[in-house]
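Please read the structure below before turning to the comments.
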Amino acid sequence: MKLSKRFMGLFVALGALIIGTQPVNAAVENDLTIQPATNIIFSSGNQPTPIYSDPETNVATKQHLNTGISEWKVIREARIQDHIVAQDLGDNQWVKTADGVNLSLGQPTRFLEVFSAAKPVPIYSDALGLNKIGELNPSISEWRILRVAYGSGTYSTRAIELGQNQWVLFKDVTLINDSYYFKAGEPLYDRLGHTIGAITATMNYKIFGALTINGETYVKLGTNNQWVKYRSGSLFLS
(Lines give C-alpha, C1' and ligand atoms only; values in the text may rest on other atoms or scores of the structure.)
Protein backbone atom coordinates (compact mmCIF):
# COMPACT_ATOMS: atom_id res chain seq x y z
CA MET A 1 0.00 0.00 0.00
CA LYS A 2 1.33 3.43 -0.92
CA LEU A 3 0.97 5.29 2.35
CA SER A 4 3.19 8.12 3.54
CA LYS A 5 5.67 7.41 6.33
CA ARG A 6 3.83 9.96 8.45
CA PHE A 7 0.57 8.08 7.98
CA MET A 8 2.03 4.61 8.57
CA GLY A 9 3.76 5.74 11.72
CA LEU A 10 0.50 6.56 13.43
CA PHE A 11 -1.03 3.07 13.34
CA VAL A 12 -2.02 1.71 16.73
CA ALA A 13 -4.33 -1.03 18.03
CA LEU A 14 -7.20 -1.27 15.50
CA GLY A 15 -5.36 0.41 12.67
CA ALA A 16 -4.50 4.06 12.54
CA LEU A 17 -4.81 7.08 14.75
CA ILE A 18 -4.44 10.03 12.40
CA ILE A 19 -3.99 13.57 13.63
CA GLY A 20 -4.43 16.47 11.27
CA THR A 21 -6.77 19.09 9.96
CA GLN A 22 -9.67 18.10 7.72
CA PRO A 23 -12.33 20.14 5.93
CA VAL A 24 -14.99 21.29 8.36
CA ASN A 25 -17.69 21.73 5.76
CA ALA A 26 -18.80 18.98 3.42
CA ALA A 27 -18.04 19.52 -0.24
CA VAL A 28 -19.98 18.18 -3.21
CA GLU A 29 -17.90 16.52 -5.95
CA ASN A 30 -19.68 14.94 -8.92
CA ASP A 31 -22.87 14.12 -6.98
CA LEU A 32 -20.82 12.82 -4.04
CA THR A 33 -20.89 14.49 -0.65
CA ILE A 34 -17.43 14.45 0.93
CA GLN A 35 -17.36 14.91 4.70
CA PRO A 36 -15.06 14.18 7.63
CA ALA A 37 -15.41 10.84 9.40
CA THR A 38 -15.47 10.44 13.17
CA ASN A 39 -14.40 7.23 14.90
CA ILE A 40 -14.97 5.15 11.75
CA ILE A 41 -12.95 2.03 10.96
CA PHE A 42 -12.65 0.35 7.57
CA SER A 43 -12.28 -3.43 7.91
CA SER A 44 -10.25 -5.02 5.12
CA GLY A 45 -10.12 -8.48 6.67
CA ASN A 46 -6.41 -8.65 5.74
CA GLN A 47 -7.42 -8.63 2.08
CA PRO A 48 -5.50 -6.79 -0.69
CA THR A 49 -8.16 -4.11 -1.06
CA PRO A 50 -7.62 -1.86 -4.12
CA ILE A 51 -6.77 1.80 -3.49
CA TYR A 52 -8.14 4.64 -5.64
CA SER A 53 -7.00 8.24 -5.95
CA ASP A 54 -10.51 9.69 -6.26
CA PRO A 55 -13.69 9.42 -4.17
CA GLU A 56 -15.59 8.17 -7.23
CA THR A 57 -13.17 5.19 -7.23
CA ASN A 58 -12.70 5.51 -10.98
CA VAL A 59 -8.91 5.92 -10.92
CA ALA A 60 -7.11 2.89 -9.54
CA THR A 61 -3.63 3.50 -8.15
CA LYS A 62 -2.66 -0.16 -8.75
CA GLN A 63 -1.75 -0.26 -5.06
CA HIS A 64 -3.47 -2.36 -2.39
CA LEU A 65 -3.90 -2.22 1.37
CA ASN A 66 -1.26 -3.99 3.42
CA THR A 67 -2.59 -7.51 4.11
CA GLY A 68 -0.79 -7.48 7.46
CA ILE A 69 -3.34 -4.97 8.76
CA SER A 70 -7.06 -5.66 9.04
CA GLU A 71 -8.58 -2.41 10.32
CA TRP A 72 -7.96 1.15 9.16
CA LYS A 73 -8.87 4.60 10.46
CA VAL A 74 -11.16 6.47 8.06
CA ILE A 75 -10.48 10.20 7.55
CA ARG A 76 -13.27 11.15 5.14
CA GLU A 77 -16.35 9.56 3.66
CA ALA A 78 -17.91 9.91 0.21
CA ARG A 79 -21.69 9.62 0.28
CA ILE A 80 -24.53 9.52 -2.19
CA GLN A 81 -27.40 10.70 -0.01
CA ASP A 82 -27.12 8.48 3.11
CA HIS A 83 -25.14 5.71 1.41
CA ILE A 84 -21.38 5.64 2.06
CA VAL A 85 -19.75 4.55 -1.19
CA ALA A 86 -16.06 5.24 -0.51
CA GLN A 87 -13.73 6.03 2.38
CA ASP A 88 -10.49 8.01 2.48
CA LEU A 89 -7.74 6.45 4.61
CA GLY A 90 -5.56 9.53 4.30
CA ASP A 91 -3.81 11.51 1.55
CA ASN A 92 -6.65 10.83 -0.94
CA GLN A 93 -6.23 7.08 -0.67
CA TRP A 94 -9.79 5.89 -1.24
CA VAL A 95 -11.27 2.43 -0.88
CA LYS A 96 -14.70 1.21 -1.89
CA THR A 97 -16.97 0.66 1.09
CA ALA A 98 -18.31 -2.44 -0.67
CA ASP A 99 -14.80 -3.96 -0.59
CA GLY A 100 -14.82 -4.11 3.21
CA VAL A 101 -14.63 -7.65 4.61
CA ASN A 102 -15.26 -9.28 7.99
CA LEU A 103 -13.85 -12.78 8.46
CA SER A 104 -15.33 -15.49 10.64
CA LEU A 105 -13.00 -17.39 12.97
CA GLY A 106 -13.13 -21.06 12.09
CA GLN A 107 -15.96 -22.82 10.27
CA PRO A 108 -19.32 -21.24 11.15
CA THR A 109 -21.45 -23.89 12.85
CA ARG A 110 -24.48 -23.24 10.67
CA PHE A 111 -22.63 -24.35 7.51
CA LEU A 112 -21.87 -27.97 6.69
CA GLU A 113 -19.85 -27.60 3.51
CA VAL A 114 -19.34 -25.88 0.17
CA PHE A 115 -21.00 -27.70 -2.74
CA SER A 116 -19.46 -27.06 -6.17
CA ALA A 117 -21.68 -29.47 -8.17
CA ALA A 118 -18.69 -31.01 -9.98
CA LYS A 119 -17.87 -27.70 -11.66
CA PRO A 120 -14.39 -26.17 -12.17
CA VAL A 121 -15.17 -23.24 -9.90
CA PRO A 122 -12.50 -20.47 -9.94
CA ILE A 123 -10.17 -20.29 -6.93
CA TYR A 124 -8.75 -16.95 -5.77
CA SER A 125 -5.94 -15.99 -3.40
CA ASP A 126 -8.20 -13.40 -1.77
CA ALA A 127 -11.81 -13.00 -0.66
CA LEU A 128 -12.42 -10.18 -3.14
CA GLY A 129 -11.93 -12.35 -6.20
CA LEU A 130 -9.06 -10.25 -7.55
CA ASN A 131 -6.37 -12.86 -8.19
CA LYS A 132 -7.41 -16.16 -9.75
CA ILE A 133 -4.97 -18.96 -8.93
CA GLY A 134 -6.75 -22.05 -10.24
CA GLU A 135 -9.99 -24.03 -10.31
CA LEU A 136 -11.65 -26.62 -8.10
CA ASN A 137 -11.23 -30.24 -9.15
CA PRO A 138 -14.52 -31.09 -10.94
CA SER A 139 -14.28 -34.70 -9.76
CA ILE A 140 -15.00 -33.43 -6.23
CA SER A 141 -18.18 -31.61 -5.23
CA GLU A 142 -18.07 -31.34 -1.42
CA TRP A 143 -15.53 -29.11 0.29
CA ARG A 144 -14.73 -28.34 3.91
CA ILE A 145 -15.05 -24.71 5.01
CA LEU A 146 -12.16 -23.02 6.81
CA ARG A 147 -13.41 -19.42 6.99
CA VAL A 148 -16.20 -17.29 5.61
CA ALA A 149 -15.81 -13.67 4.50
CA TYR A 150 -18.80 -11.39 5.02
CA GLY A 151 -19.42 -7.93 3.68
CA SER A 152 -18.12 -5.42 6.23
CA GLY A 153 -20.80 -4.63 8.79
CA THR A 154 -23.22 -7.14 7.27
CA TYR A 155 -24.04 -10.83 7.28
CA SER A 156 -23.96 -11.09 3.49
CA THR A 157 -21.54 -13.85 2.48
CA ARG A 158 -18.80 -12.75 0.09
CA ALA A 159 -16.42 -15.70 -0.18
CA ILE A 160 -15.39 -18.96 1.47
CA GLU A 161 -11.86 -20.11 2.23
CA LEU A 162 -11.21 -23.81 1.64
CA GLY A 163 -7.70 -23.71 3.12
CA GLN A 164 -4.29 -22.06 2.56
CA ASN A 165 -5.83 -18.81 1.25
CA GLN A 166 -7.78 -20.62 -1.44
CA TRP A 167 -11.03 -18.69 -1.77
CA VAL A 168 -14.17 -19.36 -3.81
CA LEU A 169 -16.80 -16.68 -4.31
CA PHE A 170 -20.24 -17.20 -2.80
CA LYS A 171 -21.92 -16.59 -6.17
CA ASP A 172 -20.04 -19.51 -7.74
CA VAL A 173 -20.98 -22.24 -5.25
CA THR A 174 -23.77 -23.45 -2.97
CA LEU A 175 -23.31 -23.15 0.78
CA ILE A 176 -24.93 -26.15 2.44
CA ASN A 177 -26.29 -25.39 5.89
CA ASP A 178 -25.74 -27.74 8.80
CA SER A 179 -29.52 -28.00 9.20
CA TYR A 180 -32.61 -26.78 7.36
CA TYR A 181 -36.36 -26.62 7.86
CA PHE A 182 -38.39 -28.89 5.59
CA LYS A 183 -42.16 -29.15 5.66
CA ALA A 184 -44.31 -32.25 6.01
CA GLY A 185 -45.29 -33.67 2.63
CA GLU A 186 -42.06 -32.69 0.89
CA PRO A 187 -41.05 -35.64 -1.35
CA LEU A 188 -38.10 -37.83 -0.40
CA TYR A 189 -35.88 -39.39 -3.06
CA ASP A 190 -33.19 -42.05 -3.43
CA ARG A 191 -29.78 -41.26 -4.92
CA LEU A 192 -31.12 -41.80 -8.43
CA GLY A 193 -33.92 -39.27 -8.02
CA HIS A 194 -36.75 -41.77 -7.62
CA THR A 195 -39.54 -40.66 -5.25
CA ILE A 196 -39.72 -43.11 -2.36
CA GLY A 197 -41.89 -41.29 0.20
CA ALA A 198 -42.39 -37.94 1.88
CA ILE A 199 -41.37 -36.02 4.99
CA THR A 200 -43.82 -36.74 7.78
CA ALA A 201 -43.17 -33.82 10.13
CA THR A 202 -42.30 -30.17 9.65
CA MET A 203 -39.08 -29.53 11.58
CA ASN A 204 -35.42 -28.51 11.43
CA TYR A 205 -33.53 -31.47 9.94
CA LYS A 206 -29.82 -32.13 10.26
CA ILE A 207 -28.07 -32.39 6.88
CA PHE A 208 -25.41 -35.02 6.21
CA GLY A 209 -24.29 -34.29 2.66
CA ALA A 210 -25.21 -33.10 -0.82
CA LEU A 211 -25.25 -34.33 -4.40
CA THR A 212 -26.51 -33.37 -7.83
CA ILE A 213 -29.48 -35.25 -9.31
CA ASN A 214 -30.67 -34.25 -12.79
CA GLY A 215 -28.84 -30.93 -12.51
CA GLU A 216 -30.33 -29.98 -9.13
CA THR A 217 -28.84 -29.96 -5.63
CA TYR A 218 -30.27 -32.49 -3.16
CA VAL A 219 -29.29 -32.92 0.50
CA LYS A 220 -29.22 -36.04 2.63
CA LEU A 221 -31.38 -36.13 5.77
CA GLY A 222 -30.49 -39.65 6.87
CA THR A 223 -30.14 -42.80 4.77
CA ASN A 224 -29.60 -43.03 1.02
CA ASN A 225 -33.39 -43.11 0.64
CA GLN A 226 -33.79 -39.77 2.41
CA TRP A 227 -32.70 -37.12 -0.07
CA VAL A 228 -34.67 -33.90 -0.55
CA LYS A 229 -34.38 -30.93 -2.91
CA TYR A 230 -32.29 -28.32 -1.11
CA ARG A 231 -34.24 -25.39 -2.55
CA SER A 232 -37.44 -26.74 -1.00
CA GLY A 233 -36.13 -26.01 2.52
CA SER A 234 -35.38 -22.80 4.40
CA LEU A 235 -33.12 -21.51 7.15
CA PHE A 236 -36.10 -20.32 9.17
CA LEU A 237 -39.58 -21.77 9.53
CA SER A 238 -42.08 -19.63 7.67
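Quick look at the numbers
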{"read-out": "Filtered residues of the range 61-98 (kept if more than 22 Å from residue 165 (Cα to Cα) and hydroxyl-bearing (Ser, Thr, Tyr))", "value": "61, 97"}
{"read-out": "Checklist (1) open to solvent by less than 30 Å² (accessible area, probe 1.4 Å); (2) at pLDDT below 95; (3) of a type outside the set (D, E, K, R) applied to residue 106, failing item", "value": "(1)"}
{"read-out": "Selection within the range 137-146 - open to solvent by 20 Å² or more (accessible area, probe 1.4 Å) and either out of contact with any strand residue (DSSP E or B) (no Cβ under 8 Å at 6 or more places or on another chain) or assigned to a loop (DSSP other than H, G, I, E, B) (or both)", "value": "137, 138, 139, 140, 141, 144, 146"}
{"read-out": "Residue that is farthest from residue 117 (Cα to Cα), among those in the range 185-209 that are assigned to a strand (DSSP E or B) and open to solvent by 50 Å² or more (accessible area, probe 1.4 Å)", "value": "203"}
{"read-out": "Positions within the range 169-184 being open to solvent by 50 Å² or more (accessible area, probe 1.4 Å) and in a strand (DSSP E or B), in sequence order", "value": "181"}
{"read-out": "Only one of 217, 212 that is touching a helix residue (DSSP H, G or I) at 6+ places or on another chain (Cβ under 7 Å) and assigned to a strand (DSSP E or B)", "value": "217"}
{"read-out": "Checklist (1) part of a loop (DSSP other than H, G, I, E, B); (2) surrounded by 11 or more Cβ atoms within 10 Å (Cβ to Cβ) applied to residue 236, failing item", "value": "(2)"}
{"read-out": "Yes/no for residue 218 being within 20 Å of residue 237 (Cα to Cα) and either under 24 Å from the mean Cα position of the chain (by Cα) or open to solvent by less than 40 Å² (accessible area, probe 1.4 Å) (or both)", "value": "yes"}
{"read-out": "Condition met for residue 134 (on the phi > 0 side of the Ramachandran plot and either open to solvent by 10 Å² or more (accessible area, probe 1.4 Å) or outside any strand (DSSP E or B) (or both))", "value": "yes"}
{"read-out": "Number of the condition not met by residue 125 [criteria: (1) open to solvent by 30 Å² or more (accessible area, probe 1.4 Å); (2) out of contact with any Lys or Arg (no Cβ under 9 Å at 6 or more places or on another chain); (3) among the polar types (S, T, N, Q)]", "value": "(2)"}
{"read-out": "Enumeration of residues in the range 147-158 that are in contact with a Leu (Cβ under 8 Å, 6 or more places away or on another chain) and either touching a residue at least 40 places away in the same chain (Cβ under 8 Å) or exposed (fewer than 15 other Cβ atoms within 10 Å of the Cβ) (or both)", "value": "147, 148, 149, 150, 158"}
{"read-out": "Extreme residue, surrounded by the most Cβ atoms within 10 Å (Cβ to Cβ), among residues of the range 222-232 that are over 16 Å from residue 115 (Cα atoms) and modelled with pLDDT of 95 or more", "value": "226"}
{"read-out": "Yes/no for residue 169 being more than 30 Å from residue 34 (Cα to Cα) and under 13 Å from the mean Cα position of the chain (by Cα)", "value": "yes"}
{"read-out": "Residues of the range 63-79 classified as assigned to a strand (DSSP E or B) and under 26 Å from residue 148 (Cα atoms), total", "value": "5"}
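The values are calculated or read from the model by the stated rules, or taken from the named source; none is laboratory data. This structure is a prediction, so every number in the text was calculated from the model and none was measured. Virtual Cβ from ideal backbone geometry, glycine too; neighbours counted across all protein chains shown. For accessibility, only protein heavy atoms count, side chains too; no ligands or nucleic acids. Shrake-Rupley method; radii C 1.70, N 1.55, O 1.52, S 1.80 Å.
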